[in-house]
Amino acid sequence: MILDPVQLADQTPLLNSKTRWVYEHPDSPDLLIKVHMPRYPGLAQAGMSRWFAQRKDHFLYTTGIMRELKQFVESRYQGPEGYCYPEILPHIEPVYGVVETDIGLGLLVSAARDSDGNLAPSVLRLRKRGAMSAKRYTQLDRMLQALLDTPLMIGDLNQENIVLKNAGRADEHFVLIDGLGERTWIPTQTLLGWVNRRRKRAFVATMRKRLQGDRNG
Ligand SMILES: Nc1ncnc2c1ncn2[C@@H]1O[C@H](COP(=O)(O)OP(=O)(O)O)[C@@H](O)[C@H]1O
Ligand SMILES: [Mg+2]
């Protein structure tokens, strides 16, 4: 049955990520499933540190799913004139929802790949390989500007959360595959628009400085 839990226990994750296991969907290479990686440092202890460890793990589990989904939904909002943020649409890789798996609830997302069918290379990887052409720098900068021009919330804009989809093809373009939404226990970005804008500007400034450094050096 299409809605039966997806069997992942006998599969190897595609890569060792920091917070989630990333699997290819057994039925389609176009889909990835991200499953929360439980971390319980402190659970061996009693009292407060045990309580905190459990709360933290629970927080990472729920936000890992909800924040991405929420921002994806926001990015596709349409007003009377159509999409509100058309420039950013192609840069947010789709999040399709949640799926049950035999190792826990998973986030079902579109897989960004390169022209050979491998997972699309991250900005960090492209920079390390010296594969950031002038055209790619310009494309990335445009995407960063588009992000600044929308109210979408960014919790973590690092170089591994942006990948070059269709790399090597004429239609290659950068997409965000993680880092959307707020990550802190106290949702200051949600509560205060200016905190969100400031945080986003800081992320973009750091990224632009790095890219500028490459081009000068
Ligand atoms: N939709 C995707 N398409 C292609 N590669 C992806 C996708 N999602 C994740 N990846 C790859 O997996 C890595 C880890 O996934 P990510 O969602 O960023 O996990 P983490 O929460 O550990 O940072 C990314 O840096 C990227 O290289
Ligand atoms: Mg990431």
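Only the coordinates and a few stated rules stand behind these numbers; no lab work does. This is a predicted model, so every value here is computed, not measured. Glycine also receives a Cβ, built like all others from the backbone with ideal geometry; neighbour counts cover every protein chain displayed.
Peptides 137-145, 190-198, 166-174, ordered by how many other C-beta atoms sit within 10 Å of their residues on average, highest first, read 137-145, 166-174, 190-198. The tail of the calculated P(r) for segment 15-216, taken as Cα-Cα distances beyond 26 Å, holds 39 percent of the pairs. Taking 16 Å as the straight-line reach from the Cα of K18, the lysines in range (excluding those fewer than 8 positions away in the same chain) are K34, K56. Every helix of 4 or more DSSP H residues in the chain counts as -39500 (n - 2.57), and over all residues that averages to -11500 deg cm²/dmol at 222 nm. Would you tally the net charge around P90, using a Cβ to Cβ cut-off of less than 10 Å, leaving P90 out, and scoring K and R as +1, D and E as -1? Residues near P90 contribute -2 overall. The base-10 log of I(q)/I(0) for segment 40-87, evaluated at q = 0.25, 0.26, 0.28 Å⁻¹, reads -0.84, -0.87, -0.91 [Debye formula, identical scatterers on Cα atoms, solvent excluded].
Both radii come from the Cα set of segment 75-136: Rg as radius of gyration, Rh as Kirkwood radius; their ratio Rg/Rh reads 1.10. In summary, the lysines within cross-link reach of K135, defined as a Cα separation below 28 angstrom excluding same-chain residues under 8 places away, comprise K165, K200, K209.
The angle between the Cα long axis of helix 193-216 and the longest principal axis of the Cα atoms of the chain comes to about 60 degrees, rounded to the nearest 10. Reducing segment 121-148 and segment 156-217 to their Cα centroids gives an inter-centroid distance of 11 Å.
Residues W185, W21, arranged from fewest to most other Cβ atoms within 10 angstrom of their Cβ, appear as W185, W21.
A DSSP coil position with no more than 10 other Cβ atoms inside 10 Å describes the following chymotrypsin sites (Phe, Trp or Tyr not before Pro) in segment 42-77: Y77. Considering only Cα atoms, the convex hull volume of segment 1-98 works out to 160 Å³ per residue.
Take the Cα of Q212, step 7 Å toward its Cβ, do the same at R39, and the gap between the two points is 3.2 nm. When E81, E24 are sorted by how many other C-beta atoms sit within 10 angstrom of their C-beta, beginning with the fewest, the order is E81, E24. Between the Cα long axis of helix 134-148 and the first principal axis of the chain there is an angle of about 60°, rounded to the nearest 10. The convex hull built on the alpha-carbon positions of segment 126-182 has an orientation-averaged projected area of 4.0 nm². Mind checking which aspartates and glutamates have their Cα closer than 16 Å to the Cα of K128? Skip sequence neighbours fewer than 8 apart in that chain. K128 reaches E160, D214.
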